[in-house]
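Encoded as structure tokens, the structure appears first; notes follow it.
Derivation of every value follows stated rules applied to the coordinates shown; laboratory data play no part. None of the values given here were measured: they were computed from a predicted structure. Note that each Cβ is placed from the backbone with ideal geometry, even for glycine, and that neighbours are counted across all protein chains shown.
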């Protein structure tokens, strides 16, 4: 009987810890703000609604010398995403990375094309719910001295009152789970994604 009570107590404590960590995760997710700082490059993780448009807007405003679209479909051309207007930065500053298919590959393949241009600071654009996972992966893929400025894009499928919106809860909890897995991985294998940087 004492063993059963011990197991129940342990499970309860685990649930409390998970709940606290999840609430902290959601609080920090909604704490990100759009900061239109000037960086060497604007990095857009393709796939989410509004990310491309926001990246192009900031590039046109001169918020970055380079504009990287990471995880672009192989059939997409540069002119599909960016067509300079009079006074706009030239299209030669727009780089498409087409090999990656998920966030981990975004970080690895994205790192390679970013570092080819000697970038020291990036404005990272992705959906708000995706920002913490994308940030931890890029932070562990890029050299430590590369500054990362998060720039979240809000989407209709994530409501601020997530506790009363079923799909928002599922979306956040799924991201929380993936984030925790990568966080644990980097605690056990720090520098793993940087090992071939030299």
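When 181, 115, 131 are arranged by Cβ crowding within 10 Å, least crowded first, meaning fewest neighbours, the order is 181, 115, 131. Ellipsoid semi-axes for region 32-194, based on the Cα gyration tensor and the rule √(5λ), read 25, 20, 14 Å when sorted largest first.
Stretching residue 157 away from residue 77 to a fully extended chain increases their span by 26.0 nm, per 0.36 nm per residue minus the current alpha-carbon distance. Normalised by the number of residues in the chain, the average gap of Cα pairs under 8 Å and 6 or more apart makes the relative contact order 22 percent.
Between helix 166-188 and the chain there is an angle of about 90 degrees, using the helix long axis and the longest principal axis of the Cα atoms.
So which residue, out of 119, 14, 94, gets the largest mean-square fluctuation from a GNM of the chain using Cα contacts under 10 Å as springs? Maximum among the listed residues: 14. Segment residue 165..residue 31, full-extension length gain: 46.4 nm, with 0.36 nm per residue of separation and the alpha-carbon distance subtracted. Here region 29-84 was treated as a single set of alpha-carbon atoms; its pair distances binned every 5 Å from 0 give 4, 18, 29, 26, 15, 5, 3, 0 percent. For the chain, the longest principal axis of the C-alpha atoms and the axis of helix 131-141 are separated by about 70°.
Going from the residue with the fewest nearby Cβ atoms within 10 Å to the one with the most, 151, 82, 27, 32 rank 27, 32, 82, 151. With neighbour counts taken as other beta-carbon atoms within 10 Å, the residues 33, 130 rank, fewest first, as 33, 130. For the chain, the longest principal axis of the alpha carbon atoms and the long axis of helix 103-115 meet at an angle near 40°. One decimal place: the segment residue 60-residue 118 gains 18.8 nm when fully extended, by the rule 0.36 nm per residue minus the C-alpha distance. Helix content alone sets the calculated 222 nm mean residue ellipticity of the chain: runs of n ≥ 4 DSSP H residues at -39500 (n - 2.57) each, divided across all residues, give -15000 deg cm²/dmol.
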